Amino acid sequence: MRRALALAVALALPLAAHAEAPVDANPTTLDGLEVTARRQSQADSYTLPVSRAAIGLDLSVRQTPQSVTSVTRQQMDDLQIESIDDVLTSTTGITTYSLDNAGRTTFRARGFDIGNFKVDGMLVNGASSFSGGGAALNMDLYDHVQVVRGANGLLGGTGDPSATVYLERKRPTADFGGAAALTLGSHDKRRLMGDVNVPLTADGRVRSRFVVSAEDSDTFRQREDIQRLAGLASFEADLGSATVLNLGVQYERTRNGGASWGSNVPIWWADGSRAQLSRSTNPAADWSLAKRDNTTVFGSVEQGLGADWTLRVAFAHDSGESFTNYGVAKVNNAARNQGFAGFWNPDGSGAFLNAIHSESETRRDNLDISASGPLQLFGREHQLMVGFNGYRSEITDYSFSAALGNCTIAGVAPWSGCQYRAVGLPIADWRSWDGSYAGFETFRTPARSKTITENLGGYLAGRFSLADPLSLVLGTRVSNYKTYTQTYTQADVRTRGAASGEQQVVTPYAGLVWDFAANYSAYVSYTDVFSPQGNVRDANDTLLDPVTGKSYEAGIKGEWADGALNAALALFRNEQNNVAESTGEVHPDTGLTIYRAVDGVKSKGADLEISGRLAQGWNVYAGYTWLQVDGLSYQQDPRHLLRLNTTWTLPGALSKLTIGGGLSVQSGTVMSTNPGRPLGGGRYDASNLPMGGYTLVNLMARYALTDTVQLAVNVNNLTDKTYYTQYGFYDGLIFGEPRSTTFSVRARF
């Protein structure tokens, strides 16, 4: 770890940044109502001057009593960040674990899963599941991302003790302009992006913005490919001197061919010895794939009310479809009671095809109504916000099973539902297997289950100036959360399940900020935690109750050059009850992992971060996290985590050249496994597994051919380090990306 930190310092000193001015550089401002640039990235910036992510008020990062990390448009362009997965793997305090190689990823912070993802303030299904978005969010459509670490349920959603991820779409501006980019890279990667801003009236009061992005790429694994398509059309109009209307539609599609279900490379042979397989190994069937489509219609009206008060009404309707057809020769613990679990033998025997077919549809409606502005009280000016928001979501999972007669492979009935768990589908010799196997024969019937979730509530927040150097941030949310399931039979007869997890919740928030010097502030904050745990069930197949608890944070922040450079040190502590922990067992009827609820789970740690412009042409983003989790049987999150990225535009005659580099360093962790290492005779060692730490090094260079055309090269994992993004899940592992290179050309007009 010391050598990694020393290397971080060595890399940081000579490197820095410069970049093209984004299309959003020219804001639209009406009478007392700033529209476009309030939260949009500024040119050549690794930080944002203003954030609304924590409590909904326009506060500087220094005045926000929580840890806030910004990933700007400039950072995304410099680092070739293309997905939400890329964003979070470069963010302070965030760790990621792959659940398969089809986009299902678990994001974690401060010892807990991240479940809150918002786009323009509206909750989206960004968490990973068979019907979730996961890493499918395409960053070409977004201007920036902000991550608020710690509980943050004031503005809706749930008070996850981990973090909340906020994404802001690109918005129209008054001037014509645009950008186009072509990227070619390793594994036959091809990616195109176009972004154009078009004023629809001569004065720019009616304007539009269109973004399109497409990618087609193989991967380092055999028989695996990725296709992505995304588009954004956004329209904005000034309806009078103090009213702004925004309407738009967004579409994202991801297709993963050669996708796996769970970890796809076995750790052990059937005799318990360690298997040594190459990173290119992909035991997926040639028909294995995952597809996800999502369309969002969104809109907002911002109305100036006078006296610098603003009323905002926003809505969004999301609709998505997910289709998975997984087939992979892997270990599966559900079959161990039948004398085998799909472990391979070095002679090519022992492999069985695991397969699952699922189809789902999602619908989500969001509404947010808020009013905010200044308040004069006791001779001082304060800021106040009041609002109501919420969402209603429906996730429909279609049923496939032998009983329904709509699921089979080669005439073999599934083990459960439409799942084949290392039972009945042998592979003659995995060494020579080319992925060919009989595929699923499925069709839909009216049989399905529908999970409906509602979260509605009102909130009140304010920043109160107690004295010139002292401000108090207070807020509370009163919300009603409930979820229930409707089941439809093959005859399309509906039954309504009992509501589960229905709660009326009051979520308080309090913070105190003290400006003790011209450039420094100290803060403390507190909030309650209330976090439903999704489809997490115990041995009785009953949903676990939500996580409850308390979250504390204290720190010091610094700000220089009018917010162009920010630094922060934060200490945090979370106390949680009813935290889900895997038992390592699988439910015999559903095939789902069985969890138990654990009380008294505590996480504590520290974040240290600096971001912004250190000097002319030199940008840096660096964050270090120390974390300790007590109360669980193992800590799967690294105790030490370092993220560093920096770029430098050379001076003088070399000013057209920008160079940069980055480090990602994490210490070792402990992972669970099930059924565990084979011991013979149907016995297994399910001891937790250590997963070693690793350091990844990235480099970039960019050259300005003209004022509007730039060439760039990015090299990720420069040392070609072998590492894992999953270790132990289904007794397997998932390799991380080997060294890869991309070449891109970007033009502005």
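Laboratory data are not the source of any read-out in this text; all were calculated from the coordinates shown. Just so we're clear, the structure is a prediction, and the values are computed from it rather than from any experiment. All Cβ positions, glycine included, derive from the backbone under ideal geometry; neighbour counts span all protein chains shown.
3J(HN,Hα) along segment 479-486: 9, 10, 10, 8, 9, 8, 10, 10 Hz, from the Karplus curve 6.51 cos²θ - 1.76 cosθ + 1.60 with θ = phi - 60°, whole Hz, x for Gly and Pro. Taking 20 Å as the cut-off, the amide N atoms of segment 513-546 that come nearer than this to a point 7 Å along the Cα-to-beta-carbon line of ALA561 belong to 518-521. Amide H neighbours of SER67 under 5 Å, at least 5 residues apart or on other chains, H built in the peptide plane: list them. Result for SER67 returns ARG149.
For the residues PHE572, PHE530, what sequence is obtained by ranking on other C-beta atoms within 10 Å, fewest first? Don't skip to the answer; put the middle values down first.
Numbers: PHE572 25, PHE530 22.
The fewest-first ordering by Cβ neighbours comes to PHE530, PHE572.
If R0 is 51 Å, what FRET efficiency do you get for ARG596 and ALA233 from their C-beta distance, rounded to 0.05? So the FRET efficiency works out to roughly 0.60.
How high is the relative contact order of segment 190-245, in percent, with contacts defined as C-alpha pairs under 8 Å that are six or more residues apart?
On the way: 100 pairs, mean separation 16.9, N = 56.
In percent, rounded to a whole number, it is 30.
Ranked by how many other Cβ atoms sit within 10 Å of their own Cβ, fewest first, the residues ARG104, ARG364 fall in the order ARG364, ARG104.
Pop out the Kirkwood hydrodynamic radius of segment 256-319 from its pairwise C-alpha distances, inverse of mean 1/r, in Å to one decimal. All intermediate terms of the calculation are to be shown ahead of the outcome.
On the way: mean 1/r = 0.0582 Å⁻¹.
Mean inverse Cα-Cα distance, inverted, gives 17.2 Å.
The spacing between segment 669-729 and segment 260-312, judged by their C-alpha centroids, is 16 Å. Close amide H pairs (under 5 Å, H built 1.01 Å from N) link ALA285 with GLY327, VAL328, ALA329, residues at least 5 positions away or on another chain.
Rounded to the nearest whole Hz, the Karplus-based 3J(HN,Hα) values (6.51 cos²θ - 1.76 cosθ + 1.60, θ = phi - 60°) of segment 689-702 follow the sequence 10, x, 10, x, x, 7, 10, 10, 10, 10, 9, 8, 8, 9, with x at glycine and proline. Whole-Hz Karplus values for segment 668-675 come out as x, 10, 10, 10, 8, 9, 7, x Hz, taken residue by residue from phi with 6.51 cos²θ - 1.76 cosθ + 1.60 and θ = phi - 60°; glycine and proline positions read x. Straight-line cross-link partners of LYS602 among the aspartates and glutamates, defined as a Cα under 12 Å from its Cα and at least 8 positions apart when in the same chain: GLU575, ASP630. Among the listed pairs LYS482/LYS604; LYS118/LYS482; LYS450/LYS604, those with a Cα-Cα distance over 27 Å are LYS482/LYS604; LYS450/LYS604. Here the contact order of segment 2-748, divided by its residue count and restricted to Cα pairs under 8 Å and six or more residues apart, works out to 13 percent.
What size of dipole, in debye to the nearest 20, comes out for the chain about its Cα centre when the only charges are +1 on Lys and Arg C-beta atoms and -1 on Asp and Glu C-beta atoms? Provide the component values of the computation, followed by the final result.
Working: 65 positive and 74 negative charges, 178 e Å.
The calculated dipole for the chain is roughly 860 debye.
Principal axis analysis of the Cα atoms in the chain yields extents of 78, 63, 50 Å, listed in decreasing size. Backbone N atoms of segment 188-216 closer than 18 Å to the 7 Å Cα→Cβ label point of THR741 belong to residues 188-191. Projected onto its three principal axes, the C-alpha set of segment 567-705 covers 71, 36, 26 Å, listed from the longest axis down.
Sorted ascending by nearby beta carbons within 10 Å, beginning with the fewest, SER300, SER401, SER521 become SER401, SER300, SER521.
You can think of it this way: the chain between TRP514 and LEU367 has 49.5 nm of extra reach, that is 0.36 nm per residue less the Cα-Cα gap. With both labels modelled 7 Å from their Cα along Cα-to-Cβ, the ARG683 to LYS656 distance reads 7.1 nm. Note on SER278 and THR201: the model spin-label points, each 7 Å out from Cα along the C-beta direction, lie 6.3 nm apart.
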